[in-house]
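For reference, the structure is listed below as structure tokens.
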Amino acid sequence: MAYITQGDPDAIVLLKHKLDRESARHKLMLRANKDWRASGKPGRTPPHPYSALQKAAMRISYTHQRIARLQITLDAAPRTDFVCGAVILENPLAGRIQIKFPAKPTQNVHDALRANGFRWSGLNMAWQRHLNDEGKAAAKRIAALLIANEAFSK
């Protein structure tokens, strides 16, 4: 089975199907162990050891958490800020914070982007990095640098 990515438009539906499958599998495992105990415990070990049951329960819990996180992400609207001609876009669907410039940025801005973890995306024509708290803080540092550069050039 292929990994379900955050960017997949059907990710929530696929995760819910996965959750249903995992829950059904876990119930079957529990039922098999219950039947084993009821039959007088033939053999030395149960059909599904405790560790397997625990892993199945953890997969169910993790899938619940992924669905909740993805729902929060999808409910968040993209946020756009304009700073000194640059556009700072929080793109929750792509999971990226992106900075777009009207022209090629100066060398000190370029160096600051690199130092703050931004990478050029030719596909999106933007400097981008993962959308998380550190990414938002890095974008604020770049915005402060842009404002300082504009004030200095006047």
So which residue, out of SER51, SER61, SER121, gets the largest mean-square fluctuation from a GNM of the chain using Cα contacts under 10 Å as springs?
SER51
Please give, to one decimal in nm, the separation of the simple spin-label points placed at LEU14 and ALA38, each 7 Å out from Cα toward the Cβ.
3.8 nm
If the reach is capped at under 28 angstrom between alpha carbons, list the lysines near LYS140, excluding any in the same chain fewer than eight residues apart.
LYS100, LYS104, LYS154
Between ASN124 and ARG31, what length comes free when the chain is fully extended (0.36 nm per residue of separation minus the Cα-Cα distance, one decimal in nm)?
28.4 nm
At what distance in nm do the modelled label points of GLN65 and LYS104 sit from each other, each positioned 7 Å from its Cα along Cα→Cβ?
4.5 nm
Magnitude of the charge dipole, the chain, Cβ model with Lys/Arg +1 and Asp/Glu -1, debye to 20:
820 debye
Of all trypsin sites (Lys or Arg not before Pro) in the stretch 1-81, which ones are in loop regions per DSSP and have a Cβ with at most 13 other Cβ atoms within 10 Å?
ARG44
Quick one: angle between helix 50-75 and the longest Cα principal axis of the chain, in degrees between 0 and 90, rounded to 10, please.
30 degrees
If each DSSP helix of 4+ residues adds -39,500 (n - 2.57) and the sum is divided by the residues in the chain, what number results at 222 nm, nearest 500 deg cm²/dmol?
-19000 deg cm²/dmol
For the stretch 9-74, Rg(Cα) over 2.2 N^0.38 Å is 1.43
Quick one: among LEU113, LEU53, LEU123, which has the greatest mean-square fluctuation in a GNM of the chain with alpha-carbon springs under 10 angstrom?
LEU123
Exceeding the 24 Å Cα-Cα cut-off - candidates LYS55/LYS136; LYS18/LYS55; LYS16/LYS136; LYS18/LYS136; LYS27/LYS55:
LYS55/LYS136; LYS16/LYS136; LYS18/LYS136
With charges only on Cβ, +1 for K and R and -1 for D and E, what is the dipole size of the stretch 79-153 about its Cα centre, in debye, rounded to 20?
160 debye
Express in nm, to one decimal, how much length is gained between ALA57 and ARG141 on full extension, taking 0.36 nm for each residue of separation and deducting their alpha carbon distance.
26.0 nm
Calculated on alpha-carbon atoms, Rg and Dmax of the chain in Å
24.4, 87
For the stretch 59-74 and the stretch 1-48, compute the distance between their C-alpha centroids and round to whole Å.
17 Å
In whole Hz, the Karplus estimates of ³J(HN,Hα) for the stretch 91-103 (6.51, -1.76, 1.60; θ = phi - 60°; x where Gly or Pro) are 10, x, 5, 8, x, 10, 10, 10, 10, 10, 10, x, 9
Once amide hydrogens are built 1.01 Å from N within the peptide plane, the residues lying 5 or more places from VAL83 or on another chain with amide H under 5 Å from its amide H are ILE88
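Only the coordinates and a few stated rules stand behind these numbers; no lab work does. As the structure is a computational prediction, the values presented were derived from the model and not from experiment. Please note: Cβ atoms are built from the backbone with ideal geometry, for glycine as well, and neighbour counts cover all protein chains shown.
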